[in-house]
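Just below is one structure, and these are the notes that go with it.
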Amino acid sequence: MMETNFTYLYDGTWENLIELIFWLIKEKRKPLEIIEEEKYEPTLFNMPIKPIRNGNTKDMEKRMPRESLRIAYYVFLSNKKNKELIIYYFLLNSLKYQHQIIYMRNLKCVNEALNIQKRVSREAHKWKGFLRFKETKNHFLYAEFNADNNILGILAKHFQKRLPKEYWLIKDQTRDILCIYDQKNLHFLESKDLTINLKIEKEEIETEELWKTFFQTIAIKERLNRKCQQNFMPKKYWQNILEMEDTYEKSDYR
Amino acid sequence: MTLKEKLEILADSAKYDASCSSSGSSRENKNGIGNGSISGICHSFSSDGRCISLLKILMTNCCIYNCKYCINRKSNQVKRAIFTPEEIASITMNFYKRNYIEGLFLSSGILKSPDYTMEKMIETIYLLRNKYHFNGYIHAKVIPGASEYLIQKLGLLVDRLSANIELPTENGLTLLAPDKNSSKVAEIMEYVKKKKSKVFTPAGQSTQMIIGATNETDLDILEKSSSLYDSYKLKRVFYSAYISVNKDKNLPTIKIPPLKRENRLYQADWLLRYYNFKVKDLLEKENPNFNILLDPKADWALRHLDEFPKEINKASYYELVKIPGIGPTSAKKIVSSRKFFTIQFSDLKKMGISLKRAKYFILCDGKYFANSSCFRKSFITNNLILEEKPKEIEKRTQLSLFYDGN
C-alpha cells in the first residue's frame, strides 16, 4: 500500500530530518507534513509517525548534488513555517534535475528554497559585520545578537577562522542559545545551562568611546542621509550595535 | 593631546576619501588574528549613509603641500596631529578584535618628504603584520613622489594600494593642486600594475576623482576613467562630490555637493565595467553631461528604442544586460533558466528579477506587459521619471539648476 498523507515527526536536528526525508524518498512516501516532535500538537484525525532512526542515508547522499544539500541546510536554519516540506520537495526534485535544479525557478519548491536560502545567508552576512564584542578584564570577548533565522552556527564558524586565538562567546538572544569558543573548539549550549557574569572595566568603556568618536567623525555633514543609513542598517539591528545604542534608546522603536 | 582627540582630527581629515571597500582579498589567517573576506564586509553605516568597513584615518594631517581644495593644505589654520605607528596599530587591533572593522585604510599628509612619510606608513603596517600578526584587510595610499623601493615594500604588506588622480584633467590639477602632477600618479599606477600578484596588493589598486571642483564635463571624467581602467587595470575609480572646505578664487563656491552627478557617474562607471558599454554609447560631444532625471542606462535605452522590446527568451546575454533593470546576475539567471522552460512575466518575478523598469523594454514569450500601444518613448519616459518619488525629483531639479549655473 502506498502510504501518503501522513504526518511525520523528527527530533529537530538536521541529521534526523535528512534521515527521514531520504527514507521517505526511498519508500516513495509523500508526507502531509513533517513536524518537529516537540512542536507537534496531537489532533483526533491525525496519527503521526514517530521519528525514523538508523535509516541508511549514504547511497542517497551520493546521488544528491552537494549544492542542493547546502541550500537545504540554509532552509533548515530559517524560521519559515513548513520549511521541512519545502526541503523534502526540493531534495526530491534535486534527484531528478541534479545540478540543473537551481535553474528550475518555475517549480514552487525550488523558488521558495532559493529565496529562503538567500534570506538566511543575507542575514548571516549582515551580522558578520554588525556583531559587536565587548572584552572583559580577563580578555574574554562577548557578543549578543537578535536574528530571525538560526545563524549562530554560521557566525561561529566565521569567527573561528577570524579570531582563532581568542576566547569568545556569542549569544543568540532570540533563541537563547550560545556558542563558546575556547581557542580550539566550538561548544553550543542553551543559555540556561550557563550563568554568565561579565565585568566590563574602564579600559573597555574607553575603547568603546573611541569607536563612537570615530563613527561620528567619519560622517560628512554636507552629505547627511539618515534614510540611506537606515536602509543599509535597519532599526531592528540597532539595539545590538554599540554605536547605534544611543539612537536606539532615544527612538520610539522600542 | 589624548588619543581620542587625535582620532577625531585624523578621522575627520580622512573622511573625504570615498573608498572604504574591503573586498577582493582572501588573505588567510596565518597563526594570528584576522582574515580577508573576498566579498568584503560592511561593519556599520555612518549618518551620511556610507558604509564603514575600514578604520579610515590619516597618519598625520600635517602637510608640506598647499592643494587648494584640501582641508589639510599648509596654509590652513587647522588643528594638526600625528599618530605614532604603535598608536595606529593598537587602535586597529582593539577595533578589529571587537568586530568594529574589517581592517585599516591608512593615508597621510606629507611630512618632510614623500619618502619620509612612506617610511613611517610602512613602519606602522609592518608592526601590524609582524608584531600583532594581523591578517585583516589593509588599504594604503601611495604618496606621489615616493621612491619605487618603498612602494614595493608597502605593496607586499597591504591588500590594496591607491594613488588619487584627484582631478580628471591636467589643467584642473595645475589650477588646484600645483604641487602635484599627474605623471607621478601614472608612474605609481604603472608600477603597481606591473608588480601585482598574490602577494603584492592581492586586492589590486584604485583611485579617486573629485567631481565638480573644476569645469570638466561628465564626458571628460568618464573618458579619463575608461582610459585608467584600460591602462592600469584598476579595480575601481571612486568619484567624490566636491565639498567646499576652503575659499579660493579658483574654487567654485557651492553649498550642496553635486551628489546626484556623483551617483550618475557611479552608475555609468558600472556600465563600463560590467555591462559592456563604451563611453561613446553613453555620452557624446554635443551632449557631454548625464540626464539628471534618468539613469544612464535608461537614457541610453530610450535613445535606442528601435532595438527594443527584446524577447527575454531569445536575447543574448549581452543584449540582456543592456535592458534597464536587468544586471549581470539577472541576465545569468535568465540565460540558464530558459534552457529548461519558456520564461513568462510571472517566472521573472519568481526569480527575484525586478520588473519595475525592465517591463517597458521586454517581451516574454512574445507578450508585452501592457497593451502594445504603450510602447512609446513619451509613455515610457514619463513612467520611468514618475517612479522616482516626488521629493526626490524636487531635490534633483535643484541639483540640475545648480549644474547649469556651474
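Descriptive notes on the structure:
- Meets criteria (under 21 Å from the mean Cα position of the chain (by Cα), at pLDDT 95 or above, surrounded by 22 or more Cβ atoms within 10 Å (Cβ to Cβ) and of a type in the set (Ser, Thr, Tyr)) for B:Ser25: no
- Count of residues meeting criterion [crowded, with 19+ Cβ neighbours inside 10 Å, assigned to a loop (DSSP other than H, G, I, E, B) and either of a type outside the set (Gly, Ala, Ser) or without any contact (Cβ under 8 Å) to a residue 24 or more places away in the chain (or both)] in the range A:136-149: 1
- A:Ile154 vs. criteria assigned to a helix (DSSP H, G or I) and either at the interface with another protein chain (Cβ under 10 Å from one of its Cβ atoms) or over 30 Å from B:Ile343 (Cβ atoms) (or both): yes
- Yes/no for B:Ile343 being touching a strand residue (DSSP E or B) at 6+ places or on another chain (Cβ under 8 Å), in a loop (DSSP other than H, G, I, E, B) and either crowded, with 22+ Cβ neighbours inside 10 Å or not assigned by TED's automatic domain parsing to the domain that holds B:Ala268 (or both): yes
- Taken across the range A:176-195, residues that are within 13 Å of another protein chain (Cβ to nearest Cβ), in a helix (DSSP H, G or I) and not aromatic (Phe, Trp, Tyr) do not occur at all.
- Among the residues of the range A:176-185, those that are crowded, with 16+ Cβ neighbours inside 10 Å and either among the small types (Gly, Ala, Ser) or within 16 Å of the chain's Cα centre (by Cα) (or both) comprise A:Ile177, A:Leu178, A:Cys179.
- Scanning the range B:358-381 for residues that are modelled with pLDDT of 90 or more and in a helix (DSSP H, G or I) gives B:Ala358, B:Lys359, B:Tyr360, B:Phe361, B:Lys377, B:Ser378, B:Phe379, B:Ile380, B:Thr381.
- Residues of the range B:61-72 that are touching a residue at least 60 places away in the same chain (Cβ under 8 Å) and surrounded by 21 or more Cβ atoms within 10 Å (Cβ to Cβ): B:Tyr69, B:Cys70.
- Some residue of the range B:82-90 being surrounded by 20 or more Cβ atoms within 10 Å (Cβ to Cβ), within 14 Å of chain A (Cβ to nearest Cβ) and under 30 Å from B:Leu173 (Cβ atoms): yes
- Exactly one residue out of A:Ser68, A:Ser121 is under 22 Å from B:Lys332 (Cβ atoms), outside any loop (DSSP other than H, G, I, E, B) and within 14 Å of chain B (Cβ to nearest Cβ): that is A:Ser121.
- Filtered residue count, the range A:172-189, keeping only those that are in contact with an Asp or Glu (Cβ under 6 Å, 6 or more places away or on another chain) and within 21 Å of B:Gly34 (Cα to Cα): 0
- Options B:Asn164, B:Asn135: the member that is in contact with a strand residue (DSSP E or B) (Cβ under 9 Å, 6 or more places away or on another chain), at pLDDT 95 or above and among the polar types (S, T, N, Q): B:Asn135
- Matching option when the condition is modelled with pLDDT of 95 or more and surrounded by fewer than 17 Cβ atoms within 10 Å (Cβ to Cβ), among A:Lys157, A:Lys108: A:Lys157
- Restricting the range A:1-47 to residues that are crowded, with 18+ Cβ neighbours inside 10 Å and either of a type in the set (Ser, Thr, Tyr) or farther than 24 Å from A:Arg63 by Cα (or both), the residue that is farthest from the chain's Cα centre (by Cα): A:Tyr8
- Residue in the range A:162-175 that is among the β-branched types (Val, Ile, Thr), buried (at least 20 other Cβ atoms within 10 Å of the Cβ) and modelled with pLDDT of 95 or more present: yes
- Residue ID - nearest to the chain's Cα centre (by Cα), chosen from residues in the range B:33-54 that are facing chain A (nearest Cβ under 7 Å) and under 19 Å from B:Ile125 (Cα atoms): B:Asn35
One line per residue, one yes/no per condition, for (1) free of Cβ contacts under 8 Å to residues at least 60 places away in the same chain; (2) away from chain A (no Cβ under 14 Å); (3) more than 20 Å from B:Asp281 (Cα to Cα); (4) in contact with a Pro (Cβ under 7 Å, 6 or more places away or on another chain):
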| residue | (1), (2), (3), (4) |
| --- | --- |
| B:Ile312 | yes, no, yes, no |
| B:Ala315 | yes, yes, no, no |
| B:Glu319 | yes, yes, no, no |
| B:Phe340 | yes, no, yes, no |
| B:Asp347 | yes, no, yes, no |
| B:Leu363 | yes, yes, yes, yes |
| B:Gly366 | yes, yes, yes, no |
| B:Phe375 | no, yes, yes, yes |
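- Matching residues in the range A:210-245 - criterion: being more than 7 Å from every other protein chain (Cβ to nearest Cβ), without any contact (Cβ under 8 Å) to a residue 24 or more places away in the chain, part of a helix (DSSP H, G or I) and more than 18 Å from B:Tyr16 (Cβ to Cβ): A:Lys227, A:Gln230, A:Asn231, A:Lys235, A:Trp238, A:Met244, A:Glu245
- For A:Val120, the stated conditions hold: it is of a type in the set (Val, Ile, Thr) and touching a residue at least 24 places away in the same chain (Cβ under 8 Å).
- Some residue of the range A:78-98 being under 30 Å from B:Arg338 (Cβ atoms), surrounded by fewer than 21 Cβ atoms within 10 Å (Cβ to Cβ), of a type in the set (D, E, K, R) and more than 24 Å from the chain's Cα centre (by Cα): yes
- So A:Thr207, is it within 8 Å of another protein chain (Cβ to nearest Cβ) and polar (S, T, N, Q): yes
The values are calculated or read from the model by the stated rules, or taken from the named source; none is laboratory data. The model shown is predicted, which means the values in this text are computed figures rather than measured ones. Note that each Cβ is placed from the backbone with ideal geometry, even for glycine, and that neighbours are counted across all protein chains shown.
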